[in-house]
1. Checking the cross-link filter: which aspartates and glutamates have an alpha carbon closer than 20 Å to that of Lys133, excluding same-chain neighbours under 8 positions apart?
2. Sort the stretch 133-219 into rounded, prolate or oblate with this rule: let a ≥ b ≥ c be the square roots of the eigenvalues of the Cα gyration tensor; rounded if a/c is under 1.5, and if a/c is not under 1.5, prolate when a/b is larger than b/c, oblate otherwise.
3. Calculate I(q)/I(0) for the stretch 539-588 by the Debye formula, one identical point scatterer on each C-alpha and no solvent, and give its log10 at q = 0.23, 0.27, 0.28, 0.30 Å⁻¹ to two decimals.
4. Quick one: if the Förster radius is 51 Å, what FRET efficiency do Asn370 and Asp527 give, using the C-beta to C-beta distance and rounding to 0.05?
5. In nm, give the distance between the simple-model label positions of Leu299 and Lys109, each being 7 Å from the Cα along the Cα-to-Cβ direction.
6. Would the stretch 10-78 count as rounded, prolate or oblate if I go by the C-alpha gyration tensor, calling it rounded below 1.5 in a/c and otherwise prolate when a/b exceeds b/c, oblate otherwise?
7. Which distance in nm do the two modelled labels at Met624 and Asp517 give, with both placed 7 Å along the Cα-to-Cβ direction?
8. Multiply the residue gap between Ala53 and Trp41 by 0.36 nm, knock off their C-alpha separation, and tell me the result in nm, one decimal place.
Amino acid sequence: MALNPVIGKLVSKRVVLASASPRRQEILANAGLRFEVVPSWFKETLEKSSFAAPYEYAVETAKQKALEVANRMHLKHLRTPDVVIGADTIVTIEEQILEKPVDKQDAYKMLSRLSGKEHSVFTGVAIVHCSSKDNRLETEVTDFYEETKVKFAELSEELLWDYIHSGEPMDKAGGYGIQALGGMLVEYVHGDFLNVVGFPLNRFCKKLAELYYPPPKHTIHHIKHDSIPSVETFEISSDGECNSSDNTSCKSAKKQNSSEIICTSGKCRNGNGNYNVSMDSQNGVKENTTQFPTKLLQLLDGFKASKALFVSSKLKIFDLLKEKGAMSSVDVANQVKASVCGTERLLDACTALGLLEKNHQGYSNAELANLYLVSDSESSLYNFVLYCNDRLWPLYTHLELAVKEGTSQNHCTLGKKEEDLFQDFCYQSTEMKQRFMSAMHSIAKVTARDVASAFDLSQFRVVCDLGGCTGALAYELVEIYPEMKVTVFDLPDVVTNVSSFQPSGQNTTQVFFSSGDFFKDNLPEADLYILSRVLHDWSEEKIHTLLSKLSVCKPGSALLVAETVLDEKRTCPARAVLQSLTMTEGKQRSGLEYQQLLEKYGFTNVQIKITGNLLDVILCIKKMSTH
Ligand SMILES: Cc1cn([C@H]2C[C@H](O)[C@@H](COP(=O)(O)OP(=O)(O)OP(=O)(O)O)O2)c(=O)[nH]c1=O
């Protein structure tokens, strides 16, 4: 894929997508971009009449969305991203801008205007490069837009209302989604389809190419104006970065003939580990076709990779290399008291997996390992990795039985039923408790930012995090919302063990711990309750008990639920679906299922933010009494 080098330019950068749109997240993720999702809080209220053309409105809104996130991350989260991407999609017909319908009547008005006519869809995009100078945020904005023309068929009243009642129009510009049911309304599309869905990927890549690969003066390959350069052009015109994992062959080929193709063998592995087979076509243009069943091979190797990660974590190899710097395999083997040949194989495997780097000085941690695998790093997932090895791995080795019997196999691996796991917490040894809490703490820490910032929660002052364990989310909340006071409500055995998880150097006076069982005891008063990674664990009956209790909270108070939300087909994201494999009592739910569940207990205005990361976030409000 020739796109890889353009997107690859962003690999080492902290890229943020300032959008809650699941479509944008999907388009960019499918293109191989790695990014964090921080939805923008910018209110789309710019005065439309002040723009000479509709697309200017979309571009300006996209820019403001991105700048709001860049500023918020810099000021509130104290993390300056490298690149923030914002986008805004509008539909225009007869010079009028249509955004998302506010209700069904509005959707009806929009769709009947579009019926039988051609309209334009504009997506404005802003790419904001950020840097921090003397603690001030500096930004450089590149923006552009793309137009796609769409013609609707004549829509009968019946079809129109059927479509509106499907619920699809509500979160989409112009009141339709071309990628789903709305596709049935469309007679033709002229231009970039993805632009209609919310993100003009092709033009975005061209913009990146313009930014990162300005045409050099003396290249032999001519980059056609307004095109995405091919792999070969990149190799020659770029700053020497090789996108292949097999750097040596690329570099040597480049040296031999600076204007020629990179891979002498005719085969070069791209950043995804795919083999691109170069073929000369008659006019001399090189084409790449991917033919290998790479995805299947990756799946076949998945368990080997997981286990290599588990074992190196268990042996504390990442801690050792962080402390000592580059080391030979012999030295590592001596330190971790393992065989030299076995250690060397493990170190090479970790290098192949991108967890370590290897050069003439020996092995050292890759950035990923320093960030997440060193046991005392700020965002360490070390304890969660051990939990995956000790607790989840045995469960998945019993998967066949789990499928045949329809049970979770907890009874085989731990001698306990799933519903007893949490209840039996108090009977575990202190070490086991500490280990379980450490695992939950590490995963809560890396997801806390997403959960805390998915919505603007500044109006809530008294918050209760039910089952909040070590308080990782609570501390993040008070960091972002200094006015907030958060009570973490959890089992007595959890609360007595939280002291070692208190963050150092942070004001902890606004976080309180209260012990109790949320199924049995009275819940602390709050105007915002949080259930993070709780609901998926429990049976319908238990959830009924818990939500019934919350349903009597004061009207106007809110509930924030953090879970991985499945798509409506219940097949995506894969990580949630895979997690379901070993569940019996609990289950994962789709957005609609969460909405229906929460509404059943009197919560309304259910808003769902798909973060694209581990946890998605749902906010809903307890209905005001009608009396
Ligand atoms: C026309 C059309 C729009 N859309 C969507 C794309 C956008 O998500 C949405 C337009 O609203 P936007 O305000 O552009 O985006 P958003 O509110 O979804 O997300 P954010 O502001 O956080 O970036 O409509 C479709 O999914 N399919 C379509 O066919």
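1. Excluding near neighbours in sequence, the set is Glu68, Asp82.
2. Working: a/c = 4.79, a/b = 2.05, b/c = 2.33.
It is oblate, given that a/c is not under 1.5 and a/b is not larger than b/c.
3. The Debye formula, applied to the Cα set alone, gives -0.93, -1.03, -1.06, -1.11.
4. 0.80
5. 4.9 nm
6. Here the stretch 10-78 falls in the oblate category.
7. That separation, rounded to one decimal, is 3.8 nm.
8. Length difference between fully extended and current span is 1.9 nm.
Read-outs throughout are calculated quantities, based only on the coordinates presented, and are distinct from any laboratory measurement. It should be emphasised that the depicted structure is a prediction, and the values quoted were computed from it without experimental measurement. Backbone-built Cβ (ideal geometry, glycine too); neighbour counts: all protein chains shown.
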